[in-house]
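Peer 1: Sharing a structure below in structure tokens format, with a few things to ask.
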Amino acid sequence: MTERPLIAPSILSADFARLGEEIRAVSGEGDARADWVHVDVMDAHFVPNLTLGLPVVQSLLKATELPLDCHLMIEDPDRWAIGYAEAGAYNVTVHAEAAGDPIKIAKDLHAAGAKAGLSVKPGTALEDYLEVLKHYDTLLVMSVEPGFGGQSFIAEVLEKARTARRLVDTGHLRLVVEIDGGINADTIEQAAEAGVDCFVAGSAVYGAGDPGAAVAALRAQAARAGTAG
């Protein structure tokens, strides 16, 4: 596992009219500083919602030094993912269900200077992608159906996290195990016990009065549970 739990606030739950300020709210020091900023890109095709795209990501990159974790819920990531890497995103995640040639995508993202992430929906079997994941830096386990924030956590997906954790711990994979969907004070400990390294949290951070304090509190919970697990 990573040395400490990584917290990646999702700006899907932030005030889109104040994105710069919202990111600064989690850019403090110590445990209150987010590790990554999670950016959900949706195209209204792969998922039924439409959010933001490359121009907004380019603007965000100018507004923060925090690494951007771009989660592409889009059709044809083979064509579009490279642009986010070239813009300077730290980690670019594509969906296994949408990727035509996921190994080539990973190689292209690496060549452009980004980490490569592969995401799987709740109903997608991890076993089908174990060889592909050898080319990736991040596995993003979706614990809700992708497309909308504020959904309830699907605990059954934690078996995928456990499987990935075992494969990382035994040296078969080398990646960060990330989870996204319904992560809050009630669910983060379950995910940490399952071996998750990085926790995407939306409303649990941006629905709090002090987003930085919320980041620190979630990190502390995950650290305790991860040690216990």
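Conditions (1) in contact with a strand residue (DSSP E or B) (Cβ under 6 Å, 6 or more places away or on another chain); (2) of a type in the set (Val, Ile, Thr); (3) at pLDDT below 95, marked per residue:
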position	(1), (2), (3)
131	no, no, no
146	yes, no, yes
158	no, no, no
161	yes, no, no
169	no, no, no
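Peer 1: Here is a follow-up. Would you check if residue 152 is among the small types (Gly, Ala, Ser) and either farther than 22 Å from residue 10 by Cβ or in contact with a strand residue (DSSP E or B) (Cβ under 8 Å, 6 or more places away or on another chain) (or both)?
Peer 2: Working: among the small types (Gly, Ala, Ser): yes; either farther than 22 Å from residue 10 by Cβ or in contact with a strand residue (DSSP E or B) (Cβ under 8 Å, 6 or more places away or on another chain) (or both): no.
For residue 152, the condition - among the small types (Gly, Ala, Ser) and either farther than 22 Å from residue 10 by Cβ or in contact with a strand residue (DSSP E or B) (Cβ under 8 Å, 6 or more places away or on another chain) (or both) - is not met.
Peer 1: Additional query: Count, please, the residues in region 1-39 that happen to be in a helix (DSSP H, G or I), free of Cβ contacts under 8 Å to residues at least 60 places away in the same chain and in contact with a Pro (Cβ under 9 Å, 6 or more places away or on another chain).
Peer 2: Going through region 1-39 one residue at a time, the tally reaches 1.
Peer 1: Which condition number in (1) in a helix (DSSP H, G or I); (2) crowded, with 19+ Cβ neighbours inside 10 Å is the one that residue 86 fails?
Peer 2: Unmet for residue 86, out of (1) in a helix (DSSP H, G or I); (2) crowded, with 19+ Cβ neighbours inside 10 Å: (2).
Peer 1: Right, another one. Quick one: which residue in 141, 132 is closer than 29 Å to residue 86 by Cα and crowded, with 23+ Cβ neighbours inside 10 Å?
Peer 2: 141
Peer 1: Hey, could you check region 168-183 for residues that are over 17 Å from residue 69 (Cβ atoms) and among the small types (Gly, Ala, Ser) and say which is surrounded by the fewest Cβ atoms within 10 Å (Cβ to Cβ)?
Peer 2: My answer is 171.
Peer 1: In this structure, is residue 143 among the small types (Gly, Ala, Ser), touching a residue at least 40 places away in the same chain (Cβ under 8 Å) and under 21 Å from residue 205 (Cβ atoms)?
Peer 2: So residue 143 passes the test.
Peer 1: If you don't mind, another one. Of 185, 192, 208, which residue is in contact with a helix residue (DSSP H, G or I) (Cβ under 7 Å, 6 or more places away or on another chain), over 22 Å from residue 98 (Cα atoms) and part of a helix (DSSP H, G or I)?
Peer 2: The unique qualifying residue is 192.
The values are calculated or read from the model by the stated rules, or taken from the named source; none is laboratory data. In this text, all values refer to a predicted model and were calculated from it rather than measured experimentally. Note: ideal-geometry Cβ built from the backbone for every residue, glycine included; neighbour counts use all protein chains shown.
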